[in-house]
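These notes concern the structure reproduced below.
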Amino acid sequence: MRFTAKFIPPKKYRGSAFWFFFKQDKLLVKRGEGIKALPYIDNTLQHDVPYIRFQYLGILDGEHCFSAQLADSFKPGPGLYLLSLRKLYGLVDESLFSLARRAYLIVRWDQNNQYCGRCGKLTHDSSKERAKVCACCDLIMYPRIAPAIIVAVMRGTRILLAHAKRFKNNTYSVIAGFVEPGETLEECVEREVFEEVGIKVKDITYFKSQSWPFPNSLMIAFNARYAAGDIKVDGKEIDHAAWFTAKKLPLIPPPMSIARELIDWFVEKQR
Ligand SMILES: [Zn+2]
C-alpha cells in the first residue's frame, strides 16, 4: 500500500476517507481484518462519529486519510469497537499499522500543543508544514519524537541480557534508554550500558530503527561488542543481568518488539 504524507486537507472535500479516530490511546475499528478493520467513512461531513478535532494525514492508495481525537465520553456504535494500538499489530498489514502509529502521534501532538509552551497563548496550524505556530511569540511546535537507543552487546558467543525491575514477569531483554539532550546516539549507547550494568562497549554499529508510539519513541537499535568491566547492575532500573548463549536463553520479549529482533539476529548469527 502506498502512502503519501500531506498536512493541508483537500478543499471542499465531500468524498469517502479512512479515519483514524482515537479515544485516548485506543483506535476505533470495525469488526473485520486488514483494511476492512479501519473506519471508512462515506461522507466526512455527515458521519456520526463526534470528534473534538481532526488532522489530515495524506493519501493511502488514492484515498484521503484523517486522524481525529474522540471525546472521553465517546461510546462506539454497532459494529465498531475500540482497540489499543498494541492489539492492532498483526490484524492489519505493516503499512496500515505504520499509518495508525503516525495518526496516534499526530492526534496526541495536536491535543498537547493547543497552547504555546512559551507564552501560553492559543496556537494555530502552520500553512507551510506540519507544525503549530504561536501567533503571539512565533514559537513553532513540531510533532515531538523521543529518540531512544536499544543495544545488543555481545561477548564472544554470548549476549548481554538484563531483567528490568519494571518487567512484570521473568523476561530478560537487551539494554535500552532515552537519548539525553546534546548526546550522540553512540554516547547514549555507551552511557546506558555502563550506567545500567557497568560494562564498557566498543564497535557500536547501527542495526535498524522502529517507531514505538508508546508514548512517542523512535527506537534506534545497535549492536556492540564487550570492551571491559564486570557486570554490576544499577539496582534501580535493572535488578539482574548476565551473559547468555543462544542455546540457553531466558524468557525473551515477544516478536513485535525490536528487542526481540536484535536477540533473534544474535541467535541466527550463532548458527
Ligand atoms: Zn507564544
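The values are calculated or read from the model by the stated rules, or taken from the named source; none is laboratory data. The structure presented is a predicted model; accordingly, all values stated were derived computationally and were not measured. As a convention, Cβ positions derive from the backbone with ideal geometry for all residues, glycine included, and neighbour counts pool all protein chains shown.
The rows are residues; the columns are (1) exposed (fewer than 15 other Cβ atoms within 10 Å of the Cβ); (2) within 16 Å of the ligand (Cβ to nearest atom); (3) at pLDDT 95 or above.
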position	(1), (2), (3)
P78	yes, no, no
Y89	no, no, no
F97	no, no, no
R101	no, no, no
L122	yes, yes, yes
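Of these, L218, L139, L160, L185, which one is touching a strand residue (DSSP E or B) at 6+ places or on another chain (Cβ under 9 Å), touching a residue at least 12 places away in the same chain (Cβ under 8 Å) and more than 30 Å from N113 (Cα to Cα)? Outline the logic, then answer.
Details: L218 fails: more than 30 Å from N113 (Cα to Cα); L139 fails: more than 30 Å from N113 (Cα to Cα); L185 fails: more than 30 Å from N113 (Cα to Cα).
None of the other options fit; the residue is L160.
Annotation note: Cβ proximity below 6 Å between a residue of segment 114-129 that is of a type in the set (D, E, K, R) and a residue that is near the ligand (Cβ under 7 Å from one of its atoms) (sequence gap 6+ or interchain) occurs for R118/C137; R118/L139; K121/C134; K121/C136. Could you please let me know if R166 is surrounded by 15 or more Cβ atoms within 10 Å (Cβ to Cβ), away from the ligand (no atom under 16 Å from the Cβ) and either in contact (Cβ under 8 Å) with a residue 60 or more places away in the chain or not in a helix (DSSP H, G or I) (or both)? In short, no.
Just to be sure, is S73 assigned to a loop (DSSP other than H, G, I, E, B) and away from the ligand (no atom under 16 Å from the Cβ)? Even if it seems obvious, please write down each step before you answer.
Working: assigned to a loop (DSSP other than H, G, I, E, B): yes; away from the ligand (no atom under 16 Å from the Cβ): yes.
Yes; evaluated as a whole, the condition is true for this residue.
Taking segment 140-156 as the range and being surrounded by fewer than 17 Cβ atoms within 10 Å (Cβ to Cβ) and within 16 Å of the ligand (Cβ to nearest atom) as the test, the residues that pass are I140, Y142.
C134 meets the conditions (1) out of contact with any Asp or Glu (no Cβ under 7 Å at 6 or more places or on another chain); (2) away from the ligand (no atom under 16 Å from the Cβ) in every case but one. The failed one is (2).
Go through segment 173-187 and give me each residue that's over 21 Å from the mean Cα position of the chain (by Cα) and assigned to a loop (DSSP other than H, G, I, E, B). Within segment 173-187, just G182 meets the criteria.
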